[in-house]
Amino acid sequence: MNGPATLTLTRPDDWHLHLRDGAAMAAVAPHTAAQFGRAIVMPNLKLPVATTAQALSYKERIIKAVPAGMDFDPLMTLYLTDNTPPEEIARARDADIVALKLYPAGATTNSDAGVTDIRKTYRTLEAMQRAGLKLLVHGEVTDPAIDLFDREAVFIDRVMIPLRRDFPALKIVFEHITTQEAAQYVAEAGEHTAATITAHHLLYNRNAIFLGGIRPHYYCLPVLKRELHRQALVRAATSGGARFFLGTDSAPHPAHLKEHASGCAGCYTAHAALELYAVAFEAAGALDKLEGFASFHGPDFYGLPRNTGQVTLAREPWTPPESYPFGDGQLKPLAGGEPLAWRLRV
Ligand code: DOR
Ligand code: ZN
């Protein structure tokens, strides 16, 4: 294989991560801390992280779950509900909480407490706009009449465009985009709108879910889309555009709940996140664009300093394990047991 033997980058950050809690968190937090300087931690615990006090206590538990000597800074978010009081926003800002997460009620894992009608949150969104807190959006409508594969594109028309119009100065991150429509929307939406893109949406299209039998470890939400969408995401991620950045959406579930009649949504990628992105960027001939996407665009959009350390990826083929211990169960990482061309030197 041609191409560089090593690639040194400014230490990257993960702008969209699920760490869970308790024994599950203890199993996965070291993977993320080994790769990333910071991560935006999603608030969709079984009991949603809906107040500043809950977020601060969760942050302490995260810090305890990171092995001593690892330099890792969790960035905290709150779960936006129909009833989040506007007064919570000043408390959140004073506690360095960076964002609120909008889950349309019923859209995904632990989203039952999510927003039923965006208009119910408008006073809180006004307070966020004033305070400079970001809004992170799970961009799918929940209307059962809309085909599952169309829910992101319909969300743009029904929710994003009106929201953008009503809060022109609110910084919005369209999380884990999966479609050409979302990539194009974000590219054209102006300086206050950005998007995260996962490694799995860059590497796979929806065939991966069905190849040779149903493969639950490739099931996440928003679900993988057809190839033309994957290609549009690769173009956006490798474009050098400053409003596209890395967010793994690494979302661990015990294997027995994914290999199930009604399996949970979520792909686990934190064990080899940067390596998986490197494979996707190299396949597009764009390894030179990985550092901006992984290490610069996120902090620039969030108004945070870039990290100062470095990490090195080596072209050193290895095979990640098929499973990791995960509390009482097992965790099956995406593409576990398959050879991977890049390895992060730690
Ligand atoms: O696949 C997903 N898993 N999508 C989400 O939006 C949530 C996540 C989770 O928490 O498991
Ligand atoms: Zn997520």
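Structure notes:
- Test: residue in region 128-140 that is under 20 Å from the mean Cα position of the chain (by Cα), more than 16 Å from ligand 1 (Cβ to nearest atom) and under 20 Å from P43 (Cα atoms): yes
- Members of region 129-161 that are outside any helix (DSSP H, G or I) and in contact with a Pro (Cβ under 8 Å, 6 or more places away or on another chain): H138, G139, E140, V141, T142
- Helices (runs of 4 or more DSSP H) within region 208-318 that include 2 or more residues in contact (Cβ under 8 Å) with a residue 40 or more places away in the chain, more than 20 Å from A39 (Cβ to Cβ) and touching a helix residue (DSSP H, G or I) at 6+ places or on another chain (Cβ under 9 Å): 227-237, 255-258, 273-283
- Qualifying residue in region 264-277 (condition: over 18 Å from the mean Cα position of the chain (by Cα) and within 16 Å of ligand 1 (Cβ to nearest atom)): no
- Boolean, P43 is modelled with pLDDT of 95 or more, within 15 Å of ligand 1 (Cβ to nearest atom) and open to solvent by less than 10 Å² (accessible area, probe 1.4 Å): yes
- Criterion applied to K258, K332 was being under 19 Å from L17 (Cα atoms), of a type in the set (D, E, K, R) and open to solvent by less than 40 Å² (accessible area, probe 1.4 Å), and the one residue passing it is K258.
- Single unsatisfied condition, I40 versus (1) away from ligand 2 (no atom under 15 Å from the Cβ); (2) within 28 Å of E282 (Cα to Cα): (1)
- Residue selected from region 1-36 under the condition open to solvent by less than 10 Å² (accessible area, probe 1.4 Å) and part of a loop (DSSP other than H, G, I, E, B), by the criterion nearest to ligand 1 (Cβ to nearest atom): L19
- Residue that is surrounded by fewer than 17 Cβ atoms within 10 Å (Cβ to Cβ), modelled with pLDDT of 95 or more and closer than 25 Å to D300 by Cβ, where the choices are A99, A95, A127: A95
The values are calculated or read from the model by the stated rules, or taken from the named source; none is laboratory data. Predicted, not measured: the structure shown is a model, and the values here were computed from it. Positions of Cβ are backbone-derived with ideal geometry, glycine not excepted, and every protein chain shown enters the neighbour counts. To get the accessible areas, we keep the full protein, side chains included, count just its heavy atoms, and leave off ligands, DNA and RNA. Shrake-Rupley method; radii C 1.70, N 1.55, O 1.52, S 1.80 Å.
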